[in-house]
């Protein structure tokens, strides 16, 4: 049976294991070709092929809930649930989401693109099932690709074990998140381990055989039932029952510790089984079937080891991220090496310059050293670089501790992921007025990854934090100046710099601002004043030129400092007949509304039109196209300026 004959999970169950191996190869070729044409997540999906096939052969989705953390490893799941014909529109406007999507299929339960959450979903679904309000039979949570480095996963794991919920957890251990996973649970082999693997000693071979045998025994329901009877027999022995039972448990634990990975899961009340070869479909299926029976007694975790990027040499050979994600590329040769560009490259160069001048500067990231531009810093200052894994809350409070100790931590993180550490920003950093600098990449509309990845809340939220200074550069050079200024401004408390993905305008040394001051780009005739933030400064300048072509001479300000706002800029804006503000953050509660309040405090009758993003989830699409649709390009800004003048010809 070919891939094109697979229309639903049930079609997989008639295949032999040889046919499944052929299908797995065909799926890998399909995924590589699809991602090559549209861009997307590649390595994690290539590693999850056999795992996905085994899951859908053993469990009956959607009657059984198969939950994925994170959703970017769900391409194969999409393929076998009837969506392979839509992959030519993967991550395109109006097309197939790059993550799971409840709107696409009944097989997608969670639109999960932020990591470490799925065990909490599983816990809640299990509660609902047992309460009789949800018809699911089995709750299967697939967590991996670095998600077990997030604290929320451990909170849920502890709760699942304590409550004894019947949840089957699949730990997809590929040793990676975006970069290598920062966790002792999934630590890779040492050089000595690899050397011994090539020439294992007799004791090592015996130990390995015993380990696999023990795993098979512990998965055998007959063994488990007999074990329970033995425990009950020992417990009921006169006088020595409790001591005898504890003695057997201690012996079992000692054997387990010697022959298997440290099973701290069991200390939390979750039965641990593994590790299992994640590319052996037959072994996976046998393990899952036994896990179903054993889950009647409570939660069980199956540790599955997979290879990220498996089956595609360019992904297997990519030491940084195993082609975790990729742009459009030639599948015959693979994508070119990922190189930071635009604002990210400006940040990468700027932080090295600051660190060379100030030994207090350290850099922190949450599992994304490459995308945030910190790999050059890591190479230059390995002892001053800290990757904490997918743990944004820990990253922020860890930075607070470093700042308390006299360092100048720079936390480089995506805007959308900073939302996860809101409590820590407010109460662990700002409340203590600590010198932490937040550098927020991918701010504003980000495009193909859809609503979960747009960085649209940072301006409105951070500007409300007491003592927080919020800066937004409009060029590569502005970003580097702001980073330098932020290191000094941090003496009085935290500073955030937010900037978009993509190309950055290049300007001369005299075309940058300084400190917390705005910069006037054009001086008009007093009719209309345009105040623009970050990326939209370019569009505001273009809009001003369009207005000039129609005889309207506009004043244009680069806001630069969003919090606090420059009083000189506000005072100048208040002298105009009308004001337009524009930002690529949410309009409600955003910077534009604060500008309007401050302008009206000086000149109550000056109309201020606030342009920004709507308070709704914005679908995937190219950033500039989305901005144009929302009236935030040059045409939209010019149109808003003309409206303001026409509506208020005189003040």
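The values are calculated or read from the model by the stated rules, or taken from the named source; none is laboratory data. As the structure is a computational prediction, the values presented were derived from the model and not from experiment. Glycine gets a Cβ as well: all are built from the backbone with ideal geometry, and neighbour counts include every protein chain shown.
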- Those residues of the stretch 103-158 which are touching a strand residue (DSSP E or B) at 6+ places or on another chain (Cβ under 8 Å), assigned to a loop (DSSP other than H, G, I, E, B) and over 23 Å from residue 78 (Cβ atoms), in sequence order: none
- Test: residue in the stretch 482-503 that is within 26 Å of residue 453 (Cβ to Cβ), at pLDDT below 95 and either assigned to a strand (DSSP E or B) or in contact with a helix residue (DSSP H, G or I) (Cβ under 6 Å, 6 or more places away or on another chain) (or both): yes
- Out of curiosity, is residue 101 crowded, with 23+ Cβ neighbours inside 10 Å and either at pLDDT below 90 or in the same structural domain as residue 447 (by TED's automatic domain parsing) (or both)? no
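A quick yes/no check of all residues on (1) surrounded by fewer than 14 Cβ atoms within 10 Å (Cβ to Cβ); (2) over 34 Å from the mean Cα position of the chain (by Cα):
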residue	(1), (2)
514	yes, no
518	no, no
546	no, yes
556	no, yes
559	no, no
- Filtered residue count, the stretch 575-593, keeping only those that are over 30 Å from the mean Cα position of the chain (by Cα) and buried (at least 19 other Cβ atoms within 10 Å of the Cβ): 5
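Considering each residue of the stretch 490-512, count those that are surrounded by 19 or more Cβ atoms within 10 Å (Cβ to Cβ) and either under 20 Å from residue 409 (Cβ atoms) or within 26 Å of the chain's Cα centre (by Cα) (or both), and give that number.
11
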- Within the stretch 65-76, is there a residue that is closer than 11 Å to residue 34 by Cβ, surrounded by 24 or more Cβ atoms within 10 Å (Cβ to Cβ) and under 19 Å from the mean Cα position of the chain (by Cα)? yes
- Within the stretch 77-95, work out how many residues are in contact with a strand residue (DSSP E or B) (Cβ under 7 Å, 6 or more places away or on another chain) and surrounded by fewer than 17 Cβ atoms within 10 Å (Cβ to Cβ). 2
- Collect the residues in the stretch 1-22 that are modelled with pLDDT of 90 or more, over 29 Å from the mean Cα position of the chain (by Cα) and not in a loop (DSSP other than H, G, I, E, B), keeping them in residue-number order. 10, 11, 12, 17, 18, 19, 20, 21, 22
- Query: Among all residue pairs at least 6 apart or on different chains, which show Cβ distances below 9 Å where the first residue, located in the stretch 306-319, is free of Cβ contacts under 8 Å to residues at least 12 places away in the same chain and the second is assigned to a helix (DSSP H, G or I) and crowded, with 21+ Cβ neighbours inside 10 Å?
  - Reply: 316/43; 316/46
- Query: Considering only the stretch 23-52, how many residues are farther than 16 Å from residue 100 by Cβ and assigned to a strand (DSSP E or B)?
  - Reply: 0
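Conditions tested, residue by residue: (1) in contact with a strand residue (DSSP E or B) (Cβ under 8 Å, 6 or more places away or on another chain); (2) within 25 Å of residue 455 (Cα to Cα); (3) in contact (Cβ under 8 Å) with a residue 40 or more places away in the chain.
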position	(1), (2), (3)
376	no, yes, no
385	yes, yes, no
402	yes, no, yes
414	yes, yes, yes
- Item | Filter result for residue 534 (surrounded by fewer than 24 Cβ atoms within 10 Å (Cβ to Cβ) and either part of a loop (DSSP other than H, G, I, E, B) or over 23 Å from the mean Cα position of the chain (by Cα) (or both)) | no
